[in-house]
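Quick note: the coordinates plus some simple rules give every number you see, no bench work behind them. Note that this is a predicted model, so its numbers are computed, not measured. Note: ideal-geometry Cβ built from the backbone for every residue, glycine included; neighbour counts use all protein chains shown.
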Amino acid sequence: MIRNINFVSKFKKANIFSTLLFSLSIFFMIFKGLNYGIDFKGGTLIELRTDVSVNASSIRELLSSMNLGDINVKKFGKDGDYLIKVEQKKENNNNLISEIKKKLSDNLSAEVDFRRVENVGPKVSAELLESSIIAISLALAAMLFYIWVRFEWQFSIGSIIALFHDVIITLGIFSVLSLEINLSIIAAVLTIVGYSMNDTVVIYDRIRENLLKFTKISISDVANLSINETLSRTLITSITTLLALLSIYILGGEILRGFSFAMILGVIIGTYSSIFVASPILKFFKVSYKTLEKEEEKIAP
Amino acid sequence: MLNFTKINILLIYLIFFFISIFSALNFQNKNNAIIDKKVNLGLDLQGGSYLLLEIDSSSLIEEKIQSKVIPIKKLLKENNLEYSNFKIENNKLKFSINNPEKFELLFFSKKDNFVNPYIDNYRSFELDFRKLDNSNIEVLFSKYGLLTINNSALKQSIEIVRRRIDDVGTKEPTILQRGEKRILVELPGLKDPGRIKTLLGKTAQLNFRLVSDNSEFGVDDLISENGEKLKISKRIVMSGENLIDAQPSVQNQQNEPTVSFTLDRLGAQKFGRATTDNVGKRLAIVLDGQIISAPNINEPITSGNGMISGNFTFQEATDLALLLRSGALPTPLNIVEERTVGPDLGEDSIKAGIISLIVGFILVIFFMFLKYKIFGLIANIALIANLLMLVGILTILEATLTLPGIAGIILTVGMAVDANVLIFERIKEELKTEKSIIHAFDTGYSKAKITVLDANITTLIAAIILFAFGSGPVKGFAITLGIGIITTLFTAYFLARHLTSIIVLRKKTQEVKI
C-alpha cells in the first residue's frame, strides 16, 4: 500500500528542528568538547577483574598515591570489573603497567587480573586522530563525488548536507552524554555516513525517476510522492538494521556498546535526514525535470 | 529478468557452493586438515599482545656525525685547507675555512669519496653542506643520509627483536616493519608482555672497560652494583659484538646464578691481551652504561671463555644471556603503542559476539517472514547463503576476524535484506498497475537494480576508506562490511531472483501475494 503522508508540509518545522539540533551540537562540541579516549588523547587503559568485589574508590586511592596524574576508575559491566584510565605522561615509562599491577595486587585483598591493557603514546594518538579525520573527510568527499557523477550537483549538495547533519548531530549527542570517542566510534561514524547515504540515494533515485515521469507537477509534490513510495522500504530496512544493532548493543558486551550506540543513533538520524533534510534541499534549489533533461540520456536507467 | 538459461543457473549455484563450502573448513579438525585455511582470530578475540616499537636514532646520529670529524679534518689537511673553530653543534659540524669553494668541490666529488659517499639508490650524498657566510660553513646529514641511517638501524633492530622474541619462545609471533621508524610486534596468546617488554627495552650494549683513574681516553664516573663510585676508562677493551654464545649457569661454590660466555677468535685475542697486561686491576662489565660488576683480574683469560657474575637471580641471568646472545640493538626502542587482551576476555568477546549474531539473525529472519511470507522466506534463504559466502570468502582470504569484524557481520545481516526489500517493494508497486504478474516481477527487478547498486556502492566506499585508513580491529570491521556488501549483491540479485522466478513462474495464473 502507498501511504499518503504530507511530508512537505512538515519540512519547515523539521528544518527548524534540524537547524536547532545541529547548532546545539556544534555549540556543545565547541564548549563542552568531545570526550576523547586514549586512542586519540594518549594514555593507558586497564580493564581489570577482581575475584571478590572491591570498592572503586580504594583502587582510585591506591593509584593516586602513585602520582600518575589524572586517573579515572569506574565499574565496567559485571561486579568486580573495573576500567582504569591513566592520563598521558610526558616521559615514556615502559614499566608503568607492571608497577600498577604490583601496587594493586600487593594492597588489595583480592586477586587482580588484568584482562585488557591499552597504552597509546602521544605521537601515535596524534597520528590516529589525524588519520581518522582524513578518513572521515575522504569518505565525505568520495560520497560527494559519487553522487555528483550519478546525479546532478543539487543532489550532491543535498546529500552532503544531510551527511554533515548526521555526523555532527551524532557527535553532538556524544558530547552531551560525555561518551567516549575512540577508534571504533570513528568506524561507526563512517558506517553511518555509508548508511545515511544509502537511504538518501534510494529517495533521490525515486525523485529523479518521478521528475521525468510527471513533468507537470512541482518538485514539492514529486518529493512527497517519492518519499511516500519509498517509505515502507525506508522503514523496513531501518527496522532490520536496528534489530541487528540492538542485539549487539544489549548482548555484544561492553567493548561494542559505544560502537553500537553510535550506530543506532546514526541509523535513526540518517533515516530522518534522508526525508527531512536531503529532500527539502532539492526544493530549495528548485530542481525540476528541466534540471535533468540535459543529462537525461546519460543518467536514465 | 526472470528468465534464466540453464548455464546461468548452473553458474549461480556453482559459485555459491564453491565459495560457501570454504566456510566449513573452519570446523575441521586441526590435525587432519584437508585444506589448511581458516579465518584467523584477531588478538582481541584470541588474546595476545600488540606492540608498536619506535627506534630512537638521536644517539646514533650523534655518534655518526662524530665519526665524520676525523675524516673531514683529514680531508682538509691533505688539501692544505686551513680551518678553525671546529665544533659540533646540534648534530652539525661547524667550522671556518679559507677556501669554501675548493672544499665544496672536494666534498661533493662522486669518485672515491669516503668522507661523503654518494648513495646511488637515492641519488644523493650522505652529507650536506651549507655556507653560513664567506668563511663559515656547516656540514650535516642530508635527508637521504638520515634515511639511510634510520633504515639500516631499523632493519638491524627488526632482526634483533626477532631473535629475542624467538628465544623467549612465544607461538607464531608477527614482526613487521611499519613506516620508516617503527616495528610492529604481534604476540598471539601472550597474557603478560612484561618480560618481552623488558627484553626489548634494553639495547644490551655490553662493554668491558678497565677501572682506572687516569686514562688518555677519558673516564666515566659510574656507580657499581654495590653502590661504589668507580672511575671507568672510556676505552673499550672488548664489546658484546665479539660474543658468540652466552648461557646462564650456576657457579658451584656459592650456588650463584651467572652468565658464561664464549668469545670469537678476535674477541679471545683482545680479551687475552687485556687481561694479561692488567692482572691485578679491575675490569668493569658495563651494560647500557651501567656497571653489572667490576671483578678483579686474577689471572690472564686466554681461553675465550668467561663468566659474568652480578648478584643475579636465575631469571635475570637467563635474560642477560638471552640479550647477549641476540646482540645489541643499534638504537634504543620505545614502546609507542601497546594493546594486550587476556585470553578469557577474548573468549567472553567471542561468546557475546556469537550470541548477538544469532539473536540479531533470528530477529531479522522473523521480521522478514512476517512481512513478506513466502518471499520473506526467499530473502531469508538469501541471507543464510549470504552469511555462508561471507564466511567462505573470509576463509579463502584467511582474513583476520576481530570483535568489530563480528559487528560488521551482524550489521551485514541487518542491511543485507535491504536489497531484497527494495526489490520486493518495487514489485509491489508494479503489481498495482501491471496486469501480468510475471511482467510486474520483471520490471520490478530491472527498475530496482540501479537503486540497489547505488545504495550499496555508497556503503562500499565507506568500507574501502575504513580499510585504507583504519588500524587493527577497525580494519577487521571494514573487511567484513565490504565483503558483506558484495555477497549481498550476489545473493539478492542472482540467488534470490532465481528462487523468486521459480515461484512466480509456477504460480503463473494464480494470484501472487507479496
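Short version: ³J(HN,Hα) in whole Hz for each residue of the range A:39-47, in order, from phi by Karplus 6.51 cos²θ - 1.76 cosθ + 1.60 (θ = phi - 60°), x for Gly and Pro, what are they?
So the Karplus estimates, Gly and Pro as x, are 4, 10, 10, x, x, 10, 10, 10, 9 Hz.
So, in nm, how far is label B:Lys234 from label B:Gln269 when the simple model puts each one 7 Å beyond its Cα toward the Cβ?
Between B:Lys234 and B:Gln269, the simple spin-label model gives 2.7 nm.
Averaged over A:117-126, how many beta carbons belonging to a partner chain fall within 10 Å of each residue's beta carbon?
5
Based on the Cβ-Cβ distance from B:Lys351 to A:Ala110, what FRET efficiency comes out when R0 is 25 Å, to the nearest 0.05?
0.55
Treat each spin label as a single point 7 Å out from the Cα along the C-beta direction, and report the B:Ser471 to A:Phe214 distance in nm.
Taking the two extended label points, one gets 5.3 nm.
In chain A, which longest range has no trypsin sites (Lys or Arg not before Pro) that are both DSSP loop (not H, G, I, E or B) and surrounded by at most 13 other Cβ atoms within 10 Å?
That would be A:91-215.
Can you list residues whose amide H is under 5 Å from A:Ile181's amide H, if they're 5+ apart or on another chain and H is modeled 1.01 Å from N?
A:Asn35, A:Tyr36, A:Gly37
Pull up all non-local amide H partners of B:Lys281: gap of 5 or more, or a different chain, and H-to-H distance under 5 Å with H placed in the peptide plane.
Amide H to amide H, under 5 Å and 5 or more residues apart or across chains, B:Lys281 pairs with B:Ile297.
Tell me, what ³J(HN,Hα) does each residue in the range A:77-82 have, in order and in whole Hz, if you take phi through Karplus 6.51 cos²θ - 1.76 cosθ + 1.60 with θ = phi - 60° and put x for Gly and Pro?
Values, residue by residue: x, 5, 4, x, 9, 10 Hz.
Per residue of the range A:206-219, in order, report the coupling 6.51 cos²θ - 1.76 cosθ + 1.60 (Karplus, θ = phi - 60°) as ³J(HN,Hα) in whole Hz, putting x for Gly and Pro.
Whole-Hz 3J(HN,Hα) from phi for the range A:206-219: 5, 4, 4, 4, 5, 4, 6, 7, 10, 6, 8, 8, 6, 4.
Assuming R0 = 60 Å, what is the FRET efficiency of A:Asn93 and B:Phe17, from their Cβ-Cβ distance, to the nearest 0.05?
0.60
Contour minus end-to-end for B:Glu82 and B:Ile374, with contour as 0.36 nm per residue of separation and end-to-end as the Cα-Cα distance?
Working: separation 292, 0.36 × 292 = 105.12 nm, distance 9.64 nm.
Full extension of this stretch gives 95.5 nm more.
Under the classification rounded if a/c is under 1.5, otherwise prolate if a/b is larger than b/c and oblate if not, where does the range B:206-335 fall, given a ≥ b ≥ c as square roots of the Cα gyration tensor eigenvalues?
Working: a/c = 1.27, a/b = 1.16, b/c = 1.09.
Verdict is rounded for the range B:206-335.
Can you check how the C-alpha radius of gyration of the protein assembly as shown compares to 2.2 N^0.38 Å, as a plain ratio?
1.22
Is the range A:174-214 best put as rounded, prolate or oblate by its Cα gyration tensor, with a ≥ b ≥ c the root eigenvalues, rounded for a/c under 1.5, and otherwise prolate when a/b is larger than b/c, oblate when not? Kindly include the intermediate steps, with their values, before the conclusion.
Numbers: a/c = 8.95, a/b = 3.32, b/c = 2.69.
Because a/c hits 1.5 or more and a/b exceeds b/c, the range A:174-214 counts as prolate.
Taking a point 7 angstrom from the Cα of B:Thr313 along the C-beta vector, which residues in the range B:171-210 have backbone N less than 20 Å away?
Taking a point 7 Å out along Cα→Cβ of B:Thr313, the residues of the range B:171-210 whose backbone N falls under 20 Å are B:191-202.
So which lysines can B:Lys73 reach, going by Cα to Cα under 20 Å and dropping same-chain residues fewer than 8 places off?
B:Lys64, B:Lys87, B:Lys92, B:Lys94, B:Lys102, B:Lys110, B:Lys111, B:Lys131
Using label points projected 7 Å from each Cα along Cα→Cβ, tell me how many nm separate A:Ser57 and B:Asn298, to one decimal.
Placing both labels 7 Å beyond Cα along the Cβ direction yields 6.2 nm.
In µm²/s, what is D for chain A at 25 °C and 0.890 mPa s, where D = kT/(6 pi eta Rh) by Stokes-Einstein and Rh is the Kirkwood radius from Cα pairs? Provide the component values of the computation, followed by the final result.
Values: Rh = 21.9 Å.
For the chosen part, D equals 112 µm²/s.
5 Å is the cut-off here: which amide hydrogens, built 1.01 Å from N in the peptide plane, fall below it relative to B:Phe141, excluding neighbours closer than 5 in sequence?
Residues meeting the criterion, in which the H sits 1.01 Å from N, are B:Asp128.
Using the count of nearby Cβ atoms within 10 Å as a rough guide to exposure, how do B:His439, A:His165, B:His498 rank from fewest to most?
So the ranking, lowest neighbour count to highest, is B:His439, B:His498, A:His165.
How big is the equivalent ellipsoid of chain B along its three axes, where each semi-axis is √(5λ) from the Cα gyration tensor, reported in whole Å from largest to smallest?
Equivalent-ellipsoid dimensions as semi-axes: 69, 32, 17 Å.
Estimate the FRET efficiency between B:Thr5 and B:Asp120 by the formula 1/(1 + (r/R0)^6), using the beta-carbon distance for r and 60 Å for R0, to the nearest 0.05.
On the way: r = 60 Å, r/R0 = 1.00.
For R0 = 60 Å, the calculated efficiency reads 0.50.
Only loop residues by DSSP count here, and only those with at most 15 other Cβ atoms within 10 Å; note down the trypsin sites (Lys or Arg not before Pro) in the range B:269-335 that meet that. Mind showing how you got there, number by number?
On the way: sites: B:Lys270, B:Arg273, B:Lys281, B:Arg282, B:Arg325; in loops: B:Lys281.
When the trypsin sites (Lys or Arg not before Pro) of the range B:269-335 are filtered for loop state and at most 15 Cβ neighbours within 10 Å, B:Lys281 remain.
Shape verdict for the range B:59-145, please, from the Cα gyration tensor: rounded (a/c under 1.5), prolate (a/b greater than b/c) or oblate. It would help to have the intermediate numbers written out before the result.
Details: a/c = 1.59, a/b = 1.21, b/c = 1.32.
Here the range B:59-145 falls in the oblate category.
Tell me which DSSP H helices of chain B clear both cut-offs, 20 Å or more of axial length from alpha-carbon atoms and a mean Kyte-Doolittle hydropathy of at least -1.0.
Span-like helices in chain B: B:6-21, B:143-168, B:343-396, B:403-433, B:437-469, B:473-490.
Report, in debye and to the nearest 20, how large the dipole of the protein assembly as shown comes out about its Cα centre when Lys and Arg carry +1 and Asp and Glu carry -1 on their Cβ.
Roughly 2460 debye for the protein assembly as shown.
Based only on Cα atoms, what Rg/Rh ratio does the range A:74-131 have, Rh being taken as Kirkwood's radius?
Values: Rg = 13.9 Å, Rh = 13.5 Å.
Rg divided by Rh gives 1.03.
Gain in length, B:Phe366 to B:Asn134, computed as 0.36 nm per residue apart minus the alpha-carbon separation, to one decimal in nm?
75.0 nm
Relative to the present Cα-Cα distance, how much length would full extension add between B:Ala24 and B:Thr276 at 0.36 nm per residue of separation?
Stretched out fully, the B:Ala24 to B:Thr276 stretch lengthens by 83.7 nm.
What does the charge dipole of the range B:59-145 about its Cα centre add up to, to the nearest 20 debye, if the Cβ of each Lys and Arg holds +1 and the Cβ of each Asp and Glu holds -1? Present the calculation step by step, with values, prior to reporting the outcome.
On the way: 15 positive and 13 negative charges, 10 e Å.
Dipole about the Cα centre, nearest 20: 40 debye.
From the helices alone, meaning DSSP H stretches of at least four residues, give me the mean residue ellipticity at 222 nm for chain B, per-run term -39500 (n - 2.57), in deg cm²/dmol to the nearest 500.
-16500 deg cm²/dmol
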